[in-house]
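A.B. asks: I'd like to ask some things about the structure below.
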Amino acid sequence: MPFLSLGLLPTLAQAASALGFTDPTPIQSEAIPAVLTGADVLASAQTGSGKTAAFALPLLQRLQELPAENRHQYGRAIRALIVVPTRELAAQVGDVVRSLAQAQALPQSPKVVVASGGVSINPQMMALRGGADVLVATPGRLLDLAAQNAVQLATVRLLVLDEADRLLDLGFAEELDKVLTLLPPRRQSLFFSATFPPDVRALANQMLRDPVQISVASTELPPADITQRAIRVDTDKRTQLLRHLIKDQGWKRVLVFVATKYAAELVAEKLYKAKIYATAFHGDLSQGARKQVLAEFKDEQWEVVITTDLASRGIDIAKLPVVVNYDLPRSAVDYVHRIGRTGRAGEPGLAVSFVSADTEAHFHLIEKRQGLSLTLEEVVGFESTQIATPIVPQVTADKGGIKGNRPSKKDKLRALAAQGRPPV
Ligand code: AMP
């Protein structure tokens, strides 16, 4: 059994195969043996790479290996803490850890608790009575629980920070600092992130001791089995084009990204009126409603879910065939995360971006960051009538830049993109 050769106990290797994992993914092959040595790990891995099992499997094994007298030493002791950025990811990671923990056929399977905001804290406090072997939590709710003495973090032996870049993107830096002060200095820490901008690096340096560094493939490049297409269309024709494509191409399950919650509602409503089962998914929905939409989408009860970047990370919808960028993402990194919702775990996927005259220059910037060069297609009946207006910074001889300062790196890139030239 390939998982056995990574040093996993037979019970855990079997638990992996019970979930249908036959061969380890690259991140699993690298991370599992490293975590099992007890070392800190710094892993560069994107969602869809199998990173959850890459930390969950060895984490469960480490918990079995740790001396039994540490178990529930205090009333509310936590032995392994997994910090994640969103409620959805908390639920998802919790499911994976729980399934692996339960599939192990141990006399007493490890207790796994998930705690995130947006729902009442009381059931979570109840669940944490007597402590937990594994707690999966979002930072804010974790601090609330700690403040109410519902968790004892000084006993944590293993810490996992999942999607560290996303945690910082969402403004959790302060909360993470506070969480770190509640943890014991002697612990094993695992740090997973898709990208490593300076603030993420700084956090990793603060958290880790001589980490084993793992990087599988290029983390900023989407998997090769995603077909990427770009279609030129006027802004006000996008909903019609989307409708047309859904019908014409026979798309059965589509995740559509828009820029705002309002747009998500509006587009969903228009599609619904056109007899396409579409609904919106965004941060204004209650936690219960969000869970329900996701479950129904997975169940194929919705054909189309229109969402904001809330769904761009950490959401795993098996065999999602199509992702559409109705509005372009703000950055190339967001682009990768969005299109990474499709083509997961070896399944083919399709990512389609709508590009209009006023977003064309921005799209070329994303393409450049991704090393892509897509043909801007046109769909018969939806040909673009607007002309792309290049974003050219008003650079003067001695003083340039839109704000009257020297042109920034972005200004220069935009100018080059507008002229169709690669950056020097
Ligand atoms: P993750 O990156 O952890 O979100 O995992 C992405 C998807 O890959 C999930 O649907 C997992 O169930 C699946 N997966 C994880 N590990 C494996 C594996 N070794 N073989 C096949 N599928 C896997």
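A.B. asks: Only one of these is buried (at least 18 other Cβ atoms within 10 Å of the Cβ), among the basic types (Lys, Arg) and within 19 Å of the chain's Cα centre (by Cα): 157, 166. Name it.
C.D. replies: Only one candidate qualifies: 166.
A.B. asks: Moving on. Taking the condition of being at pLDDT below 80 and on the phi > 0 side of the Ramachandran plot, how many residues in segment 369-402 meet it?
C.D. replies: Within segment 369-402, residues that are at pLDDT below 80 and on the phi > 0 side of the Ramachandran plot number 2.
A.B. asks: Let me ask another. Going by the conditions given, is residue 347 modelled with pLDDT under 90 and in contact with a Pro (Cβ under 9 Å, 6 or more places away or on another chain)?
C.D. replies: Numbers: modelled with pLDDT under 90: yes; in contact with a Pro (Cβ under 9 Å, 6 or more places away or on another chain): yes.
So residue 347 fits the description; yes.
A.B. asks: Sort out which residues of segment 45-67 are more than 8 Å from the ligand (Cβ to nearest atom) and either under 15 Å from residue 19 (Cα atoms) or buried (at least 24 other Cβ atoms within 10 Å of the Cβ) (or both), and write them in order of number.
C.D. replies: 55, 56, 57, 58, 59, 60
A.B. asks: Could you please find all residues in segment 166-181 being in a helix (DSSP H, G or I) and at pLDDT 90 or above?
C.D. replies: Once the filter is applied, which keeps residues that are in a helix (DSSP H, G or I) and at pLDDT 90 or above, segment 166-181 yields 167, 173, 174, 175, 176, 177, 178, 179, 180, 181.
A.B. asks: Taking strands (runs of 3 or more DSSP E) that do not extend beyond segment 186-273, which have at least 3 residues that are of a type in the set (D, E, K, R), within 18 Å of the chain's Cα centre (by Cα) and closer than 18 Å to residue 334 by Cβ?
C.D. replies: Because the criterion is at least 3 residues that are of a type in the set (D, E, K, R), within 18 Å of the chain's Cα centre (by Cα) and closer than 18 Å to residue 334 by Cβ, no strands (runs of 3 or more DSSP E) in segment 186-273 meet it.
A.B. asks: Please state which of the following conditions residue 84 fails to meet, knowing it meets all the rest: (1) within 13 Å of the ligand (Cβ to nearest atom); (2) closer than 18 Å to residue 17 by Cα; (3) modelled with pLDDT of 95 or more.
C.D. replies: It fails just one condition, (2).
A.B. asks: Every residue in segment 275-297 that is surrounded by 15 or more Cβ atoms within 10 Å (Cβ to Cβ), in a loop (DSSP other than H, G, I, E, B) and at pLDDT 90 or above, please.
C.D. replies: Within segment 275-297, 276, 277 meet the criteria.
A.B. asks: Can you give me the number of residues within segment 316-339 that are β-branched (Val, Ile, Thr), within 14 Å of the ligand (Cβ to nearest atom) and modelled with pLDDT under 80?
C.D. replies: Here is the first cut: in segment 316-339, the residues β-branched (Val, Ile, Thr) are 317, 322-324, 333, 336, 339.
Next, only the ones that are within 14 Å of the ligand (Cβ to nearest atom) stay: 317, 336.
In the following step, the residues that additionally are modelled with pLDDT under 80 were identified as 317.
The total comes to 1.
A.B. asks: Give just the number: which of (1) in contact (Cβ under 8 Å) with a residue 40 or more places away in the chain; (2) outside any loop (DSSP other than H, G, I, E, B); (3) touching a helix residue (DSSP H, G or I) at 6+ places or on another chain (Cβ under 8 Å); (4) more than 16 Å from the ligand (Cβ to nearest atom) does residue 124 not satisfy?
C.D. replies: Unmet for residue 124, out of (1) in contact (Cβ under 8 Å) with a residue 40 or more places away in the chain; (2) outside any loop (DSSP other than H, G, I, E, B); (3) touching a helix residue (DSSP H, G or I) at 6+ places or on another chain (Cβ under 8 Å); (4) more than 16 Å from the ligand (Cβ to nearest atom): (1).
A.B. asks: Can you tell me how many residues in segment 1-44 are surrounded by fewer than 17 Cβ atoms within 10 Å (Cβ to Cβ) and within 11 Å of the ligand (Cβ to nearest atom)?
C.D. replies: Within segment 1-44, residues that are surrounded by fewer than 17 Cβ atoms within 10 Å (Cβ to Cβ) and within 11 Å of the ligand (Cβ to nearest atom) number 7.
A.B. asks: Looking at segment 39-51 only, could you name the residues that are of a type outside the set (A, V, I, L, M, F, W, C) and at pLDDT 95 or above?
C.D. replies: Listed by number, the list holds a single entry, 40.
A.B. asks: Listed residues 128, 89, 106; which is within 19 Å of the chain's Cα centre (by Cα) and among the aliphatic types (A, V, I, L, M)?
C.D. replies: The match here is 89.
A.B. asks: Going by the conditions given, is residue 88 under 19 Å from residue 36 (Cβ atoms) and of a type in the set (D, E, K, R)?
C.D. replies: Answer is no for this residue.
The values are calculated or read from the model by the stated rules, or taken from the named source; none is laboratory data. Small disclaimer: the values here were computed from a predicted structure and weren't measured. In this analysis, Cβ positions are derived from the backbone assuming ideal geometry, glycine residues included, and neighbour counts consider all displayed protein chains.
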